[in-house]
Amino acid sequence: MTGIDWDLVLGSLGPLLSGAIRGTIPLALVSFAAGMVLAVAVALMRLYGNRAVAAVAGLYVSVIRGTPLLVQLFVVFYGLPSLGLTIDPWPSAIIAFSLNVGGYAAEVVRAAILSVPKGQWEAAYMIGMSRPTSLRRVILPQASRVAVPPLSNTFISLVKDTSLASLILVTELFREAQQIAAFSQEFMVLYVEAALVYWVICLALAGGQGSLEKRLDRYVAH
């Protein structure tokens, strides 16, 4: 058994971190932000829209949750060109990841809103707030505390799922590992190293989750 090529490990760390900083993290952040906007809209449609609107929102959630992310990514990048719509790799990845996050996070947001006691609505109405104002200033801040843990897990999963973007030639952390491994033929070393980088990123995100939960505690009605 040959030993680990530490020169390769150290030499490849820079490109892997660069792939994470320039590809993985921005892709996850942009996709998550867009997905959360979509998730809130879909959740509100399901909760307060008329029957047709709620049905459309429910169908979207069902399709997203019932199909693999890889298939969704391929539909956007490889499928849409057959309809005359060709999208570059980066926008394709963002669209697919955002739609996926929106489908999963919509149910988290909906459940979080429903978890707020009805008395909070009544209290807001009593001081003259309209329904939209009550939702924005009273309900959503409290719901956000409930939603933080599952949404944080969704974001951490998204960071790992960005590795799928390498299949449509998006240069990110795992794509860098693939390229170096193909050149050096040290597949195990490079893939384990990439896994460790993902792990460190996710550990940092998990630590940030705890801090955010503490800051949002003040919005919880006791």
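The values are calculated or read from the model by the stated rules, or taken from the named source; none is laboratory data. Computed from a predicted model, the values in this text were never measured in an experiment. Don't worry about glycine lacking a Cβ; one is built from the backbone with ideal geometry, like all the others, and counts go over all protein chains shown.
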Within the range 105-161, residues touching a Pro at 6+ places or on another chain (Cβ under 9 Å), farther than 27 Å from Gly23 by Cα and of a type in the set (Gly, Ala, Ser) come out as Ala111, Ala112
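State all residues of the range 138-177 that are part of a helix (DSSP H, G or I) and either of a type in the set (Lys, Arg) or in contact with a Gly (Cβ under 6 Å, 6 or more places away or on another chain) (or both); if no residue qualifies, say none.
Just the residues of the range 138-177 that are part of a helix (DSSP H, G or I), to begin with: 138-168, 173-177.
Across the range 138-177, the qualifying residues are Arg145, Lys160, Leu173, Arg175, Glu176.
Test of understanding: among Ala182, Ala204, Ala177, Ala195, which residue is touching a residue at least 40 places away in the same chain (Cβ under 8 Å) and more than 23 Å from Ser115 (Cβ to Cβ)?
Details: Ala182 fails: touching a residue at least 40 places away in the same chain (Cβ under 8 Å); Ala204 fails: touching a residue at least 40 places away in the same chain (Cβ under 8 Å); Ala195 fails: touching a residue at least 40 places away in the same chain (Cβ under 8 Å).
Checking each option against the conditions leaves just Ala177.
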Pairs returned, first residue in the range 110-121 that is at pLDDT 85 or above, second residue that is in a helix (DSSP H, G or I) and among the small types (Gly, Ala, Ser), beta-carbon separation under 7 angstrom, 6 or more apart or interchain, are Arg110/Ala43; Ala112/Ala143; Ala112/Ala147; Ile113/Ala43; Ile113/Ala143; Ser115/Ala143; Val116/Ala143
Residues of the range 57-77 being loosely packed, with under 13 Cβ neighbours inside 10 Å and in contact with a helix residue (DSSP H, G or I) (Cβ under 8 Å, 6 or more places away or on another chain), in sequence order, are Val63, Arg65, Leu70
Among Val108, Val197, the single one that is among the β-branched types (Val, Ile, Thr), under 22 Å from the mean Cα position of the chain (by Cα), crowded, with 19+ Cβ neighbours inside 10 Å and farther than 23 Å from Thr67 by Cα is Val197
Pairing a residue in the range 57-69 that is on the phi < 0 side of the Ramachandran plot and at pLDDT 95 or above with any residue that is among the hydrophobic types (A, V, I, L, M, F, W, C) and outside any loop (DSSP other than H, G, I, E, B), where Cβ atoms lie under 6 Å and the two sit 6 or more apart in sequence or on different chains, gives Ala57/Val42; Ala57/Met45; Val61/Ala106
